[in-house]
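Report on the structure given below.
The values are calculated or read from the model by the stated rules, or taken from the named source; none is laboratory data. Just so you know, these numbers come straight off a predicted model, no measurement behind them. Positions of Cβ are generated from backbone atoms using ideal geometry, with glycine treated the same way; all protein chains shown enter the neighbour counts. With ligands, DNA and RNA removed, areas are computed over all heavy atoms of the protein, side chains included. Shrake-Rupley method; radii C 1.70, N 1.55, O 1.52, S 1.80 Å.
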Amino acid sequence: MLRIAVPNKGSLSGPAAEMLHEAGYQQRRESKELRIVDPENDVEFFYLRPRDIAIYVSSGQLDIGITGRDLLIDSGANAEEILPLGFARSTFRYATKPGTANGVEDLNGMTVATSYEGIVAKHLADNGIDASVVHLDGAVETAIELGVAEVIADVVETGTSLRNAGLAVIGEPIMKSEAVVIRRTGTDGEEPKVQQFLRRLQGVLVARTYVMMDYDCRVEELEKAVALTPGLESPTVSPLHNEGWVAVRAMVPAKEAQRIMDDLYDIGARAILTTAIHACRL
């Protein structure tokens, strides 16, 4: 069986389980379950702390895992990213009191407090900065006020909590993270079961990104319509019973669907419909 690590809690857990369910895999019914077997798909799932997943995968005991890119890098584990999943996105930034520093180049000799010591230490080293890193669990905003550090490094979303603590972000982002599929570095990337798993998840990603659009248009307007809806390969075009009309079907980006419908209507297309895509293979 393919052995897969899945986050058991936190912001990664729910979206990961939802994506796996959409991909056709059984998922646990109770949060206390730490392991389930999906015999129909020949897969065994292990529900683990997100921070531990990269370590388990790098050990070779598990074939692949779903975790955050930040947690992968922070772990220093012998594992690599093979597919970004598009959820649990976050941005890591440095922050400090205004006037302390303007960017990473100003951090020489300073102390940085963070919950992600591995990420920060690597970023400082990559930029040739000689600074100390202090590891703190949980919120780190108070580290500066309490004199533990001059700078913090943390996930920044709206920046509200930083402003409330009298801090401001400095410099460019340290990194941008999201949920990713990982495997042990150097393992066979063409293993059939792994490739099937990746195709399923890629199918879910495409299905979430596109909708199917159907419409009728006059033959003389077909080229204009096709230019608006080129599809992935090319649209399907079928003649209608009424002479001079054709039916067109194509996949279009979901976020652009309403604009495309307006443009199609303006060139004379009618009976314009969109439907959700639940799964696909490209």
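Of note:
- Residue within region 65-78 that is at positive phi and not charged (D, E, K, R) present: yes
- Pairing residues of region 212-226 that are at pLDDT 95 or above with residues that are basic (Lys, Arg), at Cβ distances under 8 Å and at least 6 apart in sequence or on separate chains, gives 212/249; 213/249; 214/249; 215/270; 216/270; 217/270.
- Any hit, region 201-212, residues being more than 25 Å from the chain's Cα centre (by Cα) and surrounded by 16 or more Cβ atoms within 10 Å (Cβ to Cβ): no
- Counting residues in region 129-151 that are open to solvent by less than 40 Å² (accessible area, probe 1.4 Å), in contact with a Lys or Arg (Cβ under 6 Å, 6 or more places away or on another chain) and either assigned to a strand (DSSP E or B) or among the acidic types (Asp, Glu) (or both) gives zero.
- Residues of region 250-266 classified as open to solvent by 60 Å² or more (accessible area, probe 1.4 Å) and either modelled with pLDDT under 95 or over 12 Å from residue 217 (Cβ atoms) (or both), total: 5
- Residue list for region 80-96, filter: open to solvent by less than 50 Å² (accessible area, probe 1.4 Å) and either part of a loop (DSSP other than H, G, I, E, B) or of a type in the set (Asp, Glu) (or both): 85, 86, 87, 88
- Residue match in region 37-47 (condition: part of a loop (DSSP other than H, G, I, E, B), surrounded by fewer than 17 Cβ atoms within 10 Å (Cβ to Cβ) and within 23 Å of the chain's Cα centre (by Cα)): no
- A Cβ distance below 8 Å, combined with a sequence gap of six or more or placement on separate chains, defines the contacts here; from region 101-112, residues that are touching a residue at least 12 places away in the same chain (Cβ under 8 Å) and closer than 11 Å to residue 174 by Cβ reach residues that are open to solvent by less than 30 Å² (accessible area, probe 1.4 Å) and in a loop (DSSP other than H, G, I, E, B) in the pairs 104/129; 112/131; 112/149.
- Subset of region 213-244 (residues that are hydroxyl-bearing (Ser, Thr, Tyr) and surrounded by 16 or more Cβ atoms within 10 Å (Cβ to Cβ)): 215, 229
- Selection status of residue 67, open to solvent by 30 Å² or more (accessible area, probe 1.4 Å) and out of contact with any Lys or Arg (no Cβ under 7 Å at 6 or more places or on another chain): no
- The single condition among (1) exposed (fewer than 14 other Cβ atoms within 10 Å of the Cβ); (2) of a type in the set (Asp, Glu); (3) farther than 24 Å from residue 64 by Cα that residue 190 does not meet is (3).
- Odd one out for residue 177 among (1) touching a Gly at 6+ places or on another chain (Cβ under 7 Å); (2) open to solvent by 60 Å² or more (accessible area, probe 1.4 Å); (3) polar (S, T, N, Q): (2)
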